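*Asks:* Below: one structure in structure tokens.
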Amino acid sequence: DRTARALAVSLEKVLGQRVGVVNRTGGGGVVGHSATATAKPNGYTLGMITIEITMMHWLRLTDLSYRDYEPIALLINNPAGITVRADAPWKTYKELMEYIRANPGKLTASGTAAGGVWDLARIGWLKGEGLDTNAVRWVPSTGASAALAELAAGGVDICTCSPLEALPLIEGGKARSLAVMSDKRLKALPDVPTLKELGIDFSIGGWAGIAAPRGTPEEVLQVLYDAVTKAVNSPEFTQFIENSGFGADFRVGSAFHDFLALQDTVNGQLLRAAGLAP
């Protein structure tokens with residue numbers, strides 16, 4: 001919602017006309033994604049699509065997939081991470097993994113509902129380590145905030161949400177990030193290694209982009225590609241990204257489409273591996 005509103009402000013200046021933002025919530029993301037997919041493909045209705053569009057159809061929540069859209073641009077991507085309490089006995093990722101291998105199924109993790117993005121992070125991380133997905137048991141939660149509160153209270157051992165969401169706890173000395181699931185280290189946590197640095201070729205994040213309904217004319221899409229590119233590069237949107245702490249990841253048109261296709265394949269594999277998808 002914050003990203004959509006910030007983009008709308010910049011788009012208004014680029015296009016010279018009002019850009020309204022309407023929240024459509026419910027159904028684990030199905031309602032909002034459906035509203036965009038079923039809108040008239042004339043360029044006047046766009047929508048934010050998120051990682052859930054590459055997961056919901058695998059979970060049989062909807063028939064919608066990324067193929068029901070014309071991808072315009074990926075905007076943000078907040079990578080998952082491995083966060084523990086500050087007083088946890090594991091000071092490094094290596095120490096944590098040694099404990100997990102010696103005590104499979106003893107530790108718990110949280111971040112989202114079962115099958116949510118941060119659960120996928122757990123699944124991909126453990127698969128990358130050659131472990132069963134139950135080597136760290138999942139405790140469903142209503143979201144990262146609830147999971148982090150549970151972590152701080154000692155209810156769970158690990159939180160796999162984005163370390164950016166855990167920054168207040170980390171900076172307050174109540175939590176510690178052991179690894180981040182991104183291609184490069186986070187600016188906010190420069191001393192925290194990536195899984196790839198640690199030998200695990202896996203990355204995942206909670207991302208969001210903007211798309212049009214499938215069938216939007218090519219000439220309209222070209223106008224939107226150009227307008228969104230200018231809006232994203234505007235001082236206002238750049239400042240928003242800087243202040244929000246979100247991870248910027250800008251990919252336009254075909255680059256966003258290729259990203260979506262890969263995400264859909266990988267996330268489907270992860271959900272099947274965990275027995276969450278057929």
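The values are calculated or read from the model by the stated rules, or taken from the named source; none is laboratory data. No experiment lies behind these values; they were computed from the predicted model shown. With ideal geometry, Cβ positions are generated from the backbone for all residues, glycine too; neighbour counts draw on all protein chains shown.
*Asks:* Checking the condition in contact with a helix residue (DSSP H, G or I) (Cβ under 9 Å, 6 or more places away or on another chain), at pLDDT below 95 and among the β-branched types (Val, Ile, Thr), which residue from 238, 216 passes? Steps first, answer last, please.
*Replies:* Working: 216 fails: at pLDDT below 95.
It is 238.
*Asks:* While we're here: Of the residues 24, 60, which single one is closer than 24 Å to residue 113 by Cα, over 18 Å from the mean Cα position of the chain (by Cα), at pLDDT below 90 and not assigned by TED's automatic domain parsing to the domain that holds residue 115? Lay out the reasoning, then the answer.
*Replies:* Details: 60 fails: at pLDDT below 90.
Sole residue among the options that is closer than 24 Å to residue 113 by Cα, over 18 Å from the mean Cα position of the chain (by Cα), at pLDDT below 90 and not assigned by TED's automatic domain parsing to the domain that holds residue 115: 24.
*Asks:* Going through 54, 108, 92 one at a time, which residue ends up being surrounded by 24 or more Cβ atoms within 10 Å (Cβ to Cβ) and either of a type in the set (Phe, Trp, Tyr) or at pLDDT 95 or above (or both)? Walk me through how you get there before you give the answer.
*Replies:* Working: 108 fails: surrounded by 24 or more Cβ atoms within 10 Å (Cβ to Cβ); 92 fails: surrounded by 24 or more Cβ atoms within 10 Å (Cβ to Cβ).
Going through 54, 108, 92 in turn, just one is surrounded by 24 or more Cβ atoms within 10 Å (Cβ to Cβ) and either of a type in the set (Phe, Trp, Tyr) or at pLDDT 95 or above (or both): 54.
*Asks:* Please work out if residue 143 is surrounded by fewer than 21 Cβ atoms within 10 Å (Cβ to Cβ), at positive phi and touching a Lys or Arg at 6+ places or on another chain (Cβ under 9 Å). Give the steps one after another, and end with the answer.
*Replies:* Working: surrounded by fewer than 21 Cβ atoms within 10 Å (Cβ to Cβ): yes; at positive phi: yes; touching a Lys or Arg at 6+ places or on another chain (Cβ under 9 Å): no.
Considered against the rule, which asks whether it is surrounded by fewer than 21 Cβ atoms within 10 Å (Cβ to Cβ), at positive phi and touching a Lys or Arg at 6+ places or on another chain (Cβ under 9 Å), residue 143 comes out as no.
*Asks:* Could you please find all residues in the stretch 212-239 being within 14 Å of residue 11 (Cα to Cα) and hydrophobic (A, V, I, L, M, F, W, C)?
*Replies:* So the first thing to find is which residues in the stretch 212-239 are within 14 Å of residue 11 (Cα to Cα), and the list is 223-238.
Correct list: 223, 224, 227, 228, 231, 232, 237.
*Asks:* Go through the stretch 142-155 and give me each residue that's out of contact with any Leu (no Cβ under 8 Å at 6 or more places or on another chain) and either in a helix (DSSP H, G or I) or closer than 14 Å to residue 100 by Cβ (or both). Steps first, please.
*Replies:* Quick first cut of the stretch 142-155, residues out of contact with any Leu (no Cβ under 8 Å at 6 or more places or on another chain) only: 142-147, 149-150, 153-155.
Across the stretch 142-155, the qualifying residues are 144, 145, 146, 147, 149, 150, 153.
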